[in-house]
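Below: the structure, in structure tokens.
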Amino acid sequence: VIGSYDIMQETMRRLRNRLQVSYYIVGRVRVTEQFSGLPFEVKVSNINPAWYEVPLGIRIIDYDNYEITFTDINTPPVKGKFDKELINVDFNLTINRTPYLDKELVSSMKATNYQIVIHSIEWLIGNFQAGMSVNNPEYTNILEIKMKDIIPERAILVLDTLNQVYTENTLKSKIELNEKTIVYIDKQLDEISFNLKNIEDTMQNYKSRKNILD
């Protein structure tokens, strides 16, 4: 159950704001993924599905403005303002400043090439399911769950949330089972009460017909 699609789907739904966007710093030699400590964060309200899993460049112009660049050279850059909604035919998103975007440090951040990738919920589910393994050590009632991720902080976040979802799901299942049991018992009691009433009526009729005193 803990490795099921439904449990992971609910986990990703709860973590969507944290996991839907992956952040990278593009260096001269390699691209490094980041999970925290970035000068901005992206909140996606809506997006054209064609832009899922497509790298988008983010360039900080100054403390108030940024620019999004695309891998497709035929698509012109889009400029926007931090903390304000950006809406066009393909996007409805907001790029917010974080405490790491300091006015005194903006000049150095302008030289950094940032990149983001926006993920679909289906991609997130498949990715984290593929990175997770569940093992039951012999002679125990313990489930050992492992998550492979290049960023340990993210793996811990997913596993903690997964555990919470699983616990709540188990509790919900027990409550539903108890409710069904109560309904079954009530039904049985109703049937027994009905049968007892019929027996009492039959006995009373018998006494009346045979003139039997109580």
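Within the range 1-35, the set of residues being at pLDDT below 90 and open to solvent by less than 30 Å² (accessible area, probe 1.4 Å) comprises ILE2 only. Within the range 18-29, residues that are under 13 Å from PHE128 (Cβ atoms) have Cβ atoms under 6 Å from residues that are open to solvent by less than 50 Å² (accessible area, probe 1.4 Å) and in a helix (DSSP H, G or I) in these pairs: LEU19/LEU124, counting only partners at least 6 apart in sequence or on another chain. Confirm whether ILE121 is open to solvent by 30 Å² or more (accessible area, probe 1.4 Å) and under 17 Å from GLN20 (Cα atoms). So ILE121 fits the description; yes.
Taking the numbered list (1) hydrophobic (A, V, I, L, M, F, W, C); (2) in contact with a Lys or Arg (Cβ under 6 Å, 6 or more places away or on another chain); (3) within 23 Å of LEU159 (Cβ to Cβ) in turn, ILE7 passes all entries but (2). Can ASN127 be described as open to solvent by less than 90 Å² (accessible area, probe 1.4 Å) and touching a His at 6+ places or on another chain (Cβ under 9 Å)? So ASN127 passes the test. Is at least one residue of the range 74-83 surrounded by fewer than 14 Cβ atoms within 10 Å (Cβ to Cβ), more than 24 Å from MET109 (Cα to Cα) and not charged (D, E, K, R)? For the range 74-83, residues surrounded by fewer than 14 Cβ atoms within 10 Å (Cβ to Cβ), more than 24 Å from MET109 (Cα to Cα) and not charged (D, E, K, R): present.
Inside the range 36-59, residues that are open to solvent by 40 Å² or more (accessible area, probe 1.4 Å) and either farther than 23 Å from ASP90 by Cα or among the polar types (S, T, N, Q) (or both) make up a count of 5. Applying the set (1) open to solvent by less than 40 Å² (accessible area, probe 1.4 Å); (2) outside any helix (DSSP H, G or I); (3) modelled with pLDDT under 95 to VAL165 leaves exactly one unmet item: (2). The single condition among (1) more than 19 Å from TYR23 (Cβ to Cβ); (2) modelled with pLDDT of 90 or more; (3) among the polar types (S, T, N, Q) that ASN88 does not satisfy is (2). Every listed requirement among (1) open to solvent by 100 Å² or more (accessible area, probe 1.4 Å); (2) modelled with pLDDT under 75; (3) of a type in the set (D, E, K, R); (4) outside any loop (DSSP other than H, G, I, E, B) is met by ASP186 save one, (1).
The values are calculated or read from the model by the stated rules, or taken from the named source; none is laboratory data. Quantities reported herein were computed from a predicted structural model and do not represent experimental measurements. Reconstructed Cβ throughout: ideal geometry from the backbone, glycine too, with neighbour counts over all protein chains shown. Each accessible area value is taken on the protein alone, full model and side chains, heavy atoms only, with ligands, DNA and RNA left out. Shrake-Rupley method; radii C 1.70, N 1.55, O 1.52, S 1.80 Å.
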